[in-house]
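J.: Here it is, the structure, as structure tokens.
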Amino acid sequence: MAKHETSKVKKGDTVVVLNGKDNGKQAKVMRILSKKNRILLERVNIVKKHQKPTQNSQGGIVDKEASIHISNVKILCPKCNKGVRIGHKIHDDGNKVRVCRTCGEELDR
């Protein structure tokens, strides 16, 4: 059984894809599948799915996003404009925020 890890990536973050057919693309995180350590991105890793017709929808071949492993993405720093590693910083009022390891820019707003 695979070990479940907590991720530094959150829903709504903009990330850069590091590997695969969509290498270098920037995308927004739609969903995080934490038990499988996978992530679903907008308009990345598009696959064809054969959809069976139902009462509500017509059948056919549908394009949809498939998940990719969370280790294949890095968070995009708005100041550096590239994929960066993430650190944490605790403010005086006790709030914990994510920061860019390269430039020190806060990523949580």
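The values are calculated or read from the model by the stated rules, or taken from the named source; none is laboratory data. Only a predicted model underlies this, so the values are computations on that prediction, with no experimental measurement involved. Cβ: placed from backbone, ideal geometry, glycine included. Neighbour counts: every protein chain shown.
J.: Does at least one position in segment 19-26 carry a residue that is within 12 Å of the chain's Cα centre (by Cα) and not small (Gly, Ala, Ser)?
T.: So far as segment 19-26 goes, yes, one or more of its residues are within 12 Å of the chain's Cα centre (by Cα) and not small (Gly, Ala, Ser).
J.: Now for a separate question. Please find, among 12, 60, the residue that is without any contact (Cβ under 8 Å) to a residue 12 or more places away in the chain and at positive phi.
T.: It is 60.
J.: Still on this structure, please answer the following. Residues of segment 69-109 being under 30 Å from residue 48 (Cβ atoms), part of a strand (DSSP E or B) and among the hydrophobic types (A, V, I, L, M, F, W, C), which ones?
T.: Once the filter is applied, which keeps residues that are under 30 Å from residue 48 (Cβ atoms), part of a strand (DSSP E or B) and among the hydrophobic types (A, V, I, L, M, F, W, C), segment 69-109 yields 73, 75, 76.
J.: Right, another one. Restricting the first residue to segment 17-28 and requiring it to be within 14 Å of residue 43 (Cβ to Cβ), which pairs with a second residue that is in a strand (DSSP E or B) and polar (S, T, N, Q) meet a Cβ separation below 9 Å and a spacing of at least six or different chains?
T.: Pairs found: 17/26; 26/14; 27/14; 28/14.
J.: Shifting gears a bit: Could you list, in sequence order, the residues of segment 69-109 that are crowded, with 17+ Cβ neighbours inside 10 Å and of a type in the set (Val, Ile, Thr)?
T.: Across segment 69-109, the qualifying residues are 70, 73, 75, 84, 99.
J.: Out of everything in segment 51-68 that is among the charged types (D, E, K, R) and part of a strand (DSSP E or B), what residue ends up being surrounded by the fewest Cβ atoms within 10 Å (Cβ to Cβ)?
T.: Here the residue is 63.
J.: Please find, among 72, 45, the residue that is over 30 Å from residue 104 (Cα atoms) and not small (Gly, Ala, Ser).
T.: After ruling out the rest, the residue left standing is 45.
J.: Name every residue in segment 26-47 that is in a helix (DSSP H, G or I) and either in contact with a strand residue (DSSP E or B) (Cβ under 9 Å, 6 or more places away or on another chain) or at pLDDT 95 or above (or both), in order of residue number.
T.: 36
J.: If you don't mind, another one. Restricting to segment 71-109, and then to whatever is without any contact (Cβ under 8 Å) to a residue 12 or more places away in the chain and basic (Lys, Arg), can you tell me which residue is nearest to residue 34 (Cα to Cα)?
T.: Among them, the one singled out is 96.
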